[in-house]
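I have placed the structure first, in the form of structure tokens, so that the comments after it can refer back to it.
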Amino acid sequence: MPENNNGRRRLLVTTALPYANGDIHLGHMLEAVMTDIFVRYHRLRGNDVLYVCADDTHGTPVELSALRQGITPEELVAKALENHVRDYAGYNISFDVFYTTNSEENRHYAELIYENLRKDGLVVEKEIDQYYCDHDKRFLPDRFIVGTCPRCKAAKQYGDVCEVCGTTYEPTDIIDPACGMCGNPPQMRSSEHVYVQLSKREDFLREFINRPGVLQSDMRNFVKTWIDEGLREWCISRDGPYFGFKIPGKENKYFYVWMDAPIGYISSTDYYCKNNGGDVMDYWKKGGPYEIVHFIGKDIVYFHALFWPVMLDSSGFASPASLRIHGFLNIQGEKMSKSRGTFILAREYAEKVNHPQAAEFLRFYYGSKLSPVSADLDLNKDELITRVNTTLANNIGNLHHRAMVFCERYFDGQVPEAKWDEGIAAQVEAAAAEIAGWYDSGNNKLVVEKIQALGSVGNKYFQDCKPWESIKNGDNGAAAKVIVTCVNLIKALAVFLKPITPEISASFEKQLSLQLKWDDYRFSLSGHKISAVEKLVVPIDESHLEALFAPAAASQEAGAP
């Protein structure tokens, strides 16, 4: 793994770019939390981390939404940016920069990469038959063609990718096509377009997907199948009208949104460097010191595992070191759906869950279920209540409150000056190494399970040693050992939880007047003054979630993906 002179790892980490034509929903937030946990862990370790993201702004859907609202596309994407930044901030997503693909930086890198693809001999131009809607008087981009997937035969799929089986295809391959705007069958007309010949880079792509750490094993096999079936030419142009960047030297042709969208990772880095010092190529040069880690959903693996590496490699940019791929989010066992009331926006959750720690609890719930596999996850109301209360409130919160109140009552508001139990300190030391490995690999589920187990050790130790009886019998030394052990154990748990629930850990830091780093999991507190004790966690119950999961009206806000 690349390191700098201080032995610290260097990481450039990204979350997939949310589309500017809709609001942030809980599926977006799953990926953002997953990424943020990884980022916060590495920052806690003192590693050099840059966390970038941007809004994906181009394409016909944005243009048409703006027309319907009577505003310009630029006004629409500016409002989306404002809303997205607000929603992510409400869940403590710690971006270093959140930018937009509708920028001069993105135009520059799109044109640069396009020119390098041409120099690499990968670009061809050819006349093709394309769907045209006579009713709407325009060529139809792939997202405005709907029909049946030619591979798995799933109905109501878009003209470029099947959301059921993940296959990408040409719009002309779709079965029973219809215009996505008016529903009429489209006509065929000829138009010249620009293609990238991925097959010329087959050897590179096979080598790329087999690099250690780039893909999870199930995803590697998935991508290998696509290569084995034959890499198809990728169309990177669209006919106007189109909200995006014009292709240099072409009349009324624009870069396809999927051409310039991932380039937003580079342009956002460039924007950060312009405002904070540094050189974008320090992060993106081939053979450079930074590990590039992309967190994405399984529906966009094709673009990130095949198109994107070729774009990068042809321009001398570094290929991703890791693609961390997750599944979809279901709500109460069902796919997110407006009609069923299971399409939940991030701001709806924040507004409707009547609990001051609602955002922290969602972060914890996601963290307790995330592992390095691409299986779908389910947000279940009863399970959320149980997991939060069992681990955070009744386990860690209970241990914290008993030990800290004991300090206030019997040790003059300070952690007693005594020696701790070396056996429990050793258990924490062993757990730290396991937890570090799990955080790095994205196995947050095991992190939470280990934290739960350590909390149970602490509660059992406190109960078995009965420090209140030691005080009653005049043996303050025995009580002091129990309390100094438990407070140091809570400190370790606060460190281990900090990437997942930063606000809960911050509350404990405030009570200790300390800023906890990773190495502070080690037992060290003795004779330490504490501030006023407050509960770390307020339990949650069904009443807090009633408004969110009410069976009546489904969310009617605009912005379905």
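A short reminder: the numbers here are calculations on the coordinates, not readings from a lab. All of these numbers come straight from a predicted model, not from anything done at the bench. Positions of Cβ are backbone-derived with ideal geometry, glycine not excepted, and every protein chain shown enters the neighbour counts.
Taking label positions 7 Å along the Cα-Cβ direction at both E334 and K510, the computed distance is 3.9 nm, reported to one decimal. Mean separation of Cα pairs under 8 Å and 6 or more residues apart, divided by the residue count, gives the chain a relative contact order of 17 percent. Using Cβ point charges alone (K and R +1, D and E -1), the dipole size of the chain about the Cα centre works out to roughly 940 debye.
If the segment from E163 to N354 were pulled out straight at 0.36 nm per residue, it would be longer than the present Cα-Cα gap by 65.3 nm. Restricting attention to the range 259-387, lysine pairs at least eight places apart or on different chains and with alpha-carbon atoms under 24 angstrom apart total 13.
Relative to the longest principal axis of the Cα atoms of the chain, the long axis of helix 217-228 lies at roughly 10 degrees. Every helix of 4 or more DSSP H residues in the chain counts as -39500 (n - 2.57), and over all residues that averages to -13000 deg cm²/dmol at 222 nm. 3J(HN,Hα) along the range 505-517: 5, 5, 5, 5, 4, 4, 5, 9, 6, 9, 10, 7, 9 Hz, from the Karplus curve 6.51 cos²θ - 1.76 cosθ + 1.60 with θ = phi - 60°, whole Hz, x for Gly and Pro.
Tell me which aspartates and glutamates have Cα within less than 14 Å of K119's Cα, excluding those fewer than 8 residues away on the same chain? Hits, sequence-local ones excluded: E111, D313. Take every Cα pair under 8 Å whose residues are at least 6 apart in sequence, average their separation, divide by the length of the range 349-542, and the relative contact order is 34 percent. Which residues does a label at N252 reach in the range 55-96, if reach means a backbone N under 19 Å from a point 7 Å past the Cα toward the Cβ? In the range 55-96, the label zone of N252 (backbone N under 19 Å from the point 7 Å along Cα→Cβ) covers 59-61, 63-64.
With respect to the chain, whose longest principal axis is taken over its alpha-carbon atoms, helix 398-410 is tilted by about 40°.
Distance between the 7 Å Cα→Cβ label points at E229 and D176: 2.1 nm. Of interest is the spacing of the C-alpha centroids, which for the range 13-32 and the range 311-350 amounts to 6 Å. Within straight-line reach of K510, meaning a Cα separation under 22 Å, sit the following lysines at least 8 residues removed in sequence or on another chain: K491, K498, K529, K535. This ranking places D55, D464 by how few other beta-carbon atoms lie within 10 Å of each, fewest first, which gives D464, D55. As I understand it, the value is the acute angle between the Cα axis of helix 60-69 and the longest principal axis of the Cα atoms of the chain; what does it come to in degrees, rounded to 10? Tilt relative to the chain: about 80 degrees.
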